[in-house]
Amino acid sequence: MTAFAFHTTRSILVRSGAAADLGQHAGPVLGPRVLLVTDPGLRRIGLDRAPVQSLQAAGQDVTVFDRVEPDPSVATLEAAVAAGRAAGVSGVLGLGGGSSLDVAKVAALRLGSDQPLDQAWGVGRARGKRLPLVLVPTTAGTGSEVTPVAILTVEGDEKRGISSDILLPDLAILDADLTLGLPPEITAATGIDAMVHAIEAYASASPNNNPLSRMLAREALRLLGAHIETAVHHGGDRPAREAMLLGAMLAGQAFANSPVAAVHALAYPVGGLFHIPHGLSNALLLTHVLRFNLPAAAATYAGIAADAFPGLAATPEPGRAEAFIAALDDLIRRLGMPQRLRDVGIPHQALAGMAAEAMKQERLLVNNPRRVTEADALSIYLEAW
């Protein structure tokens, strides 16, 4: 067996309603003064109310930072760090989607370490201690609660990442009740995002692609493929929401150890330059990148096709990869998502610049089953436009 390493969150609690008892579960981890990192929309609908009350009832002082935006900026991160320092916090709680969880991760690092942010970008460069960290996702998509990665937007709308096991939290809490009110369009985008994580992790060219990640990716696809339409069209269905949240976490564990590739690399300019949500950006590029990869990955895609779409088990293997891609296209259409780059306002003349921007994502492109040049990236964007 080829040697590999597998890292994940130290402790994971999966229980509907757990956020209302957050003081019991997270209080002992976080200490007496907690920085809660979240976004204004979540705060506006009161999704943070029960967790805050539970922490306060357990004796914690809670400072709420609720200014996280989609594709969060370095300025937002530094504002969260300043709020934490002013309150002398002992731990950080991330509550929300991937943006809030990513800011919480890096805030915990910055509050616990004197390392400048510019020295932490990239893979394995973050060092030093971080404050205790608990993450509670409210979307079933990013898997950020079990990944060592945080993505922030720097000057010029470039997305830049920190990847380090230091960012893995001490505790992740998956409470499907927090996702019951998620709008259909967000449920769809985050669900497809999770499916992309599983597909890219399974097919990754990373030397650390390993049996555990592949097993988790396949189970993630089984859960996500079986339940995404119910979750989108019947958002109050708790079993479907539970399955989606678990599937997104398993996909997160998979790609945290067998990293994602060209779908994400090409999606980042879509989100960074045009502020399209990350899950939707992935959905717009997914099938076009998979078709590009077919010469190198047809057998791989055929191997997981029936996990997401059980009916494809009867399709002969030579055509199963193409049928898998067609089924993904049809799923995205049934979920009511935009299907072309032009549908979200991206002009044709921007594509060449996007291709050049995508080439900056070397840490992702190196994992793609087929080498991607700038000309290839432009061709994929043209197909997606």
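The values are calculated or read from the model by the stated rules, or taken from the named source; none is laboratory data. As the structure is a computational prediction, the values presented were derived from the model and not from experiment. Backbone-built Cβ (ideal geometry, glycine too); neighbour counts: all protein chains shown. Areas reflect the complete protein model, heavy atoms only, side chains present, ligands, DNA and RNA absent. Shrake-Rupley method; radii C 1.70, N 1.55, O 1.52, S 1.80 Å.
Laid out as a table, the results:
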| read-out | value |
| --- | --- |
| Residue of R214, R320, R49 that the Gaussian network model of the chain assigns the largest fluctuation, springs spanning Cα pairs under 10 Å | R49 |
| Shape call, the stretch 123-182: gyration tensor on alpha carbons, a/c limit 1.5 | oblate |
| Principal semi-axes in Å for the stretch 251-385 [√(5λ), Cα gyration tensor, largest first] | 24, 17, 14 |
| Label-to-label distance, nm, for residues given as V64 and E383 (7 Å Cα→Cβ offset) | 4.6 nm |
| The stretch 295-356: C-alpha gyration tensor shape, a/c 1.5 cut-off, then a/b vs b/c | oblate |
| Phi to ³J(HN,Hα) by Karplus 6.51 cos²θ - 1.76 cosθ + 1.60 over the stretch 271-277, Hz, x for Gly, Pro | x, x, 8, 10, 6, 7, x |
| Spin-label proximity, A57 to the stretch 82-115 - amide N less than 13 Å from point 7 Å beyond Cα toward beta carbon | none |
| Order by protection proxy (mean Cβ within 10 Å, highest first), peptides 22-30, 309-317, 34-42 | 34-42, 22-30, 309-317 |
| Proximal aspartates and glutamates relative to K159, as straight alpha-carbon distance under 13 Å, when same-chain residues fewer than 8 apart are discounted | D71, D102, E357, E362 |
| Amide H within-cut-off set for I12, under 5 Å, with H built and near neighbours excluded | A172 |
| Surrounding net charge for A18, when Lys and Arg each add one and Asp and Glu each subtract one, Cβ distance under 14 Å | -2 |
| Accessible area in the full protein assembly, largest first, 1.4 Å probe, for V344, V68 | V344, V68 |
| Approximate spin-label separation K129-E185, in nm, with each point projected 7 Å along Cα-to-Cβ | 4.5 nm |
| Euclidean distance of C-alpha centroids, the stretch 311-352 and the stretch 125-178, integer Å | 28 Å |
| Residues of the stretch 342-361 with amide N under 17 Å of the 7 Å Cα→Cβ point at R291 | 342-343 |
| Residue-count net charge about H197 - beta-carbon cut-off 15 Å; Lys, Arg +1, Asp, Glu -1 | -3 |
| Cα gyration tensor shape for the chain, rounded if a/c is under 1.5, else prolate or oblate | prolate |
| Diffusion coefficient, µm² s⁻¹, Stokes-Einstein with Kirkwood Rh over alpha-carbon pairs of the stretch 174-286 at 20 °C and 1.002 mPa s | 153 µm²/s |
| Percent RCO, i.e. relative contact order, over the stretch 129-284, from Cα pairs under 8 Å lying at least 6 residues apart | 31 percent |
| Per-residue HN-Hα couplings for the stretch 105-117 [Karplus 6.51, -1.76, 1.60; θ = phi - 60°; Hz; x = Gly/Pro] | 4, 6, 4, 4, 5, 5, 6, x, 9, 9, 5, x, 4 |
| Within the chain, percent of DSSP bridges classed antiparallel, to nearest 5 | 20 percent |
